[in-house]
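The values are calculated or read from the model by the stated rules, or taken from the named source; none is laboratory data. Note that the structure is predicted; figures quoted are calculated from it, not measured. Counting neighbours? That spans all protein chains shown, and the Cβs are built from the backbone with ideal geometry, glycine included. Please note that ligands, DNA and RNA were not included when accessible areas were found on the heavy atoms of the full protein model with its side chains. Shrake-Rupley method; radii C 1.70, N 1.55, O 1.52, S 1.80 Å.
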Amino acid sequence: MLPAKRKSPGGPGPSRTSEQQSHSRQQDAKKREEELRVRNLKKLSATLKEEEKLHEILVFGGEDEFVDRLLSDTKIRVDPSADLLDSDDDDDDDDDGEKEAAVPSKKPAWVDEDDEMDESIEMTHRYRKDMMKSKAEKTLSKEKLQIRLQQEFQKAMGGVPSWASRDPKRRLSKADDDDDDDEDDEDNLLSKTGDLLAKSTYLPKGILEIKRCAHANSERPSNGPLTTVQFHPAAQVVMTAGLDHSISLFQVDGKLNPKIQSIYLEKFPVYKARFSADGEQVIATGVRHRIFYVYDMMSGSIIPVPRIRSLEENVIKKFEVSPDGSFLLLSGAAGYLHMLSMKSKELIGSMKMNACAAQAVFSPDCSKIFSTCDSGEVYVWDVKSRRCLNRFADDGSLRSSSLAVSKDGRYVSCGSDSGVVNVYSYDDCLQNSAPKPIKSIMNLVTAATSQVFNPCAQILAVASEKLDDAVKLVHIPSFTVFSNFPVQSKNKFIHCARAMDFSPNSGFFSIANNKGEALLYRLKHYSDF
């Protein structure tokens, strides 16, 4: 039997043919790479020669041709940010238009189909909840949400800022022209940042930015001393009242202050007038009358209140309206304080001090009543039970003349006949039987007859009706007097201040004097109303 033949280690003939083909392909690839390298070297050499030629032209006198080539290259390759450096010259507008026309329109690299879907965004999320305009608006599409975000941004910035505008000329503009000459003194920063500066909570001490405006009652000056000036709690309106038997309302704009209406109360010189908490009524008391009036501004009717059952008072002059509009507090004789229902004008209850009442005010939350008497003592009452919670002597005072409580519930200010105004901590007045004043203001030399805090409790205005120009504005919390008010001059501008008030946003400050003028000042740190 013959043995079987062994296979060759190299394999059969077809395998050798395959190796030859592979080797041939590798040779061809190397040859193509070599040709490509030679071709690139030739291009690089030509480019270098071209650059050398350009440099040679530039050095040896070919500037014009070189500049022309640069300009032609620029028309082809326009810098997208070039519009930020455009010239302000009007003669270059046509060239700019040609450059913009030469820019090829760019197409997006890709289009995401998911972006085209009308996806609803949940507005109830805590980051987007503040942008909801109604409770039913729980979802918004992407497009509507983007519009809403733009609106919120423009509202916060006071309009579209110049840097966000697509107009190059507006981006390059540095200031807007003011149409009104009276507003030239306004701070440029305030005019360009909208509401941002108006919401600032910091008021610097020392110098107060204040501007004198036309009298609030310039269209109808009073024939007698004014006893009241008060800003409306919700509208851009100020009220004046005085001994000429009239109550007037004016629209406040700082320039003309046009009169809205006036009412005349026959044989009734007004001692005090106040808006109701909702601003729909005016309560007015007389100098020597038992009756008082309620003027309903909505219906235009004047309602007399001749008698209150179970209230034995011969004269009703001093009163206060609670901030929540629930109560009317009357100061009676022999130290009595009478609390009435604001709605029905019926007596709820009375409180008694040991001396004649000087003044009484409500706390901001209407839970307490602070009152002072002729003996220089301060009483703190609970509104619900009408019980005395605390009683203390005003430091160094022999006779109280005025009282004020800040609207943020932090300070209680007590004025005396000596002109000293003591500022206390609100909490100390509730808890301590002998609180120490935070600061004693001694800038008045006669009785401090009126005082008022501005709504944000950064300014305390104190005044005396005994002297001209006896008005001081105190910075809180440094308790230093602003040195530039009132303006010191030969002519007296503030003649015996009888009443004062700040507008709801502290933008305006008004003083009623004994010459029938309601002086009006603009505080530039705050918004108008």
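Taking region 350-381 as the range and being outside any strand (DSSP E or B) and closer than 17 Å to LYS407 by Cα as the test, the residues that pass are SER363, PRO364, ASP365, CYS366, SER367. Taking the conditions exactly as written (hydroxyl-bearing (Ser, Thr, Tyr), open to solvent by 10 Å² or more (accessible area, probe 1.4 Å) and within 37 Å of the chain's Cα centre (by Cα)), does SER402 satisfy them or not? It is false that SER402 is hydroxyl-bearing (Ser, Thr, Tyr), open to solvent by 10 Å² or more (accessible area, probe 1.4 Å) and within 37 Å of the chain's Cα centre (by Cα). Beta carbons closer than 7 Å, at least 6 apart along the sequence or on distinct chains, pair a first residue in region 332-351 that is modelled with pLDDT of 95 or more with a second that is open to solvent by 50 Å² or more (accessible area, probe 1.4 Å) and among the hydrophobic types (A, V, I, L, M, F, W, C) for HIS338/LEU347; MET339/ILE348; LEU340/LEU347; LEU340/ILE348; SER341/ILE348. Can you find a residue in region 367-382 that is open to solvent by 40 Å² or more (accessible area, probe 1.4 Å), at positive phi and not β-branched (Val, Ile, Thr)? Among the residues of region 367-382, not one is open to solvent by 40 Å² or more (accessible area, probe 1.4 Å), at positive phi and not β-branched (Val, Ile, Thr), which makes the answer no. Taking the listed residues VAL270, VAL252, the one that is in contact (Cβ under 8 Å) with a residue 60 or more places away in the chain and crowded, with 18+ Cβ neighbours inside 10 Å is VAL252, with no other qualifying. If you go through region 275-314 and keep only what is open to solvent by 70 Å² or more (accessible area, probe 1.4 Å), without any contact (Cβ under 8 Å) to a residue 24 or more places away in the chain and farther than 19 Å from ALA234 by Cβ, you end up with ILE303, PRO306, ARG307, GLU312.
Residue-wise test of (1) open to solvent by 50 Å² or more (accessible area, probe 1.4 Å); (2) farther than 24 Å from ALA360 by Cα; (3) under 32 Å from the mean Cα position of the chain (by Cα).
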residue: ASP427; (1), (2), (3): yes, no, yes
residue: THR449; (1), (2), (3): no, no, yes
residue: PHE453; (1), (2), (3): no, no, yes
residue: ALA461; (1), (2), (3): no, no, yes
residue: LYS466; (1), (2), (3): yes, no, no
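Every test in (1) out of contact with any Pro (no Cβ under 6 Å at 6 or more places or on another chain); (2) part of a loop (DSSP other than H, G, I, E, B) is passed by GLN451 save one, and that test is (2). Among the residues of region 334-345, is any under 17 Å from CYS366 (Cα atoms), assigned to a loop (DSSP other than H, G, I, E, B), open to solvent by 50 Å² or more (accessible area, probe 1.4 Å) and of a type outside the set (A, V, I, L, M, F, W, C)? So far as region 334-345 goes, yes, one or more of its residues are under 17 Å from CYS366 (Cα atoms), assigned to a loop (DSSP other than H, G, I, E, B), open to solvent by 50 Å² or more (accessible area, probe 1.4 Å) and of a type outside the set (A, V, I, L, M, F, W, C). Checking region 309-330 against the condition returns no match, with no residue being on the phi > 0 side of the Ramachandran plot and assigned to a helix (DSSP H, G or I). Return yes or no: is GLY242 crowded, with 21+ Cβ neighbours inside 10 Å, among the small types (Gly, Ala, Ser) and either closer than 14 Å to GLN261 by Cα or over 24 Å from the mean Cα position of the chain (by Cα) (or both)? Taking the combined requirement at face value, the residue satisfies it. Of all residues in region 468-480, those that are surrounded by fewer than 20 Cβ atoms within 10 Å (Cβ to Cβ) and assigned to a loop (DSSP other than H, G, I, E, B) total 5. Selection over region 346-362 of residues that are open to solvent by less than 30 Å² (accessible area, probe 1.4 Å) and over 24 Å from ALA499 (Cα atoms) gives a count of 4. The number of residues in region 437-475 being in contact with a strand residue (DSSP E or B) (Cβ under 6 Å, 6 or more places away or on another chain) and farther than 22 Å from LEU520 by Cβ comes to 8. Looking at this structure, is CYS388 surrounded by 16 or more Cβ atoms within 10 Å (Cβ to Cβ) and not aliphatic (A, V, I, L, M)? Judged against the criteria, CYS388 is not a match.
Can you tell me which residue within region 481-514, out of those that are in contact with a strand residue (DSSP E or B) (Cβ under 7 Å, 6 or more places away or on another chain) and of a type in the set (Val, Ile, Thr), is surrounded by the most Cβ atoms within 10 Å (Cβ to Cβ)? Across region 481-514, the extreme among qualifying residues is ILE511.
Within the bounds of region 367-382, is there any residue that is in contact (Cβ under 8 Å) with a residue 40 or more places away in the chain and over 20 Å from ASN432 (Cα atoms)? No, region 367-382 contains no residue that is in contact (Cβ under 8 Å) with a residue 40 or more places away in the chain and over 20 Å from ASN432 (Cα atoms).
Please work out if VAL420 is over 26 Å from PRO504 (Cβ atoms) and either basic (Lys, Arg) or open to solvent by 40 Å² or more (accessible area, probe 1.4 Å) (or both). In short, no.
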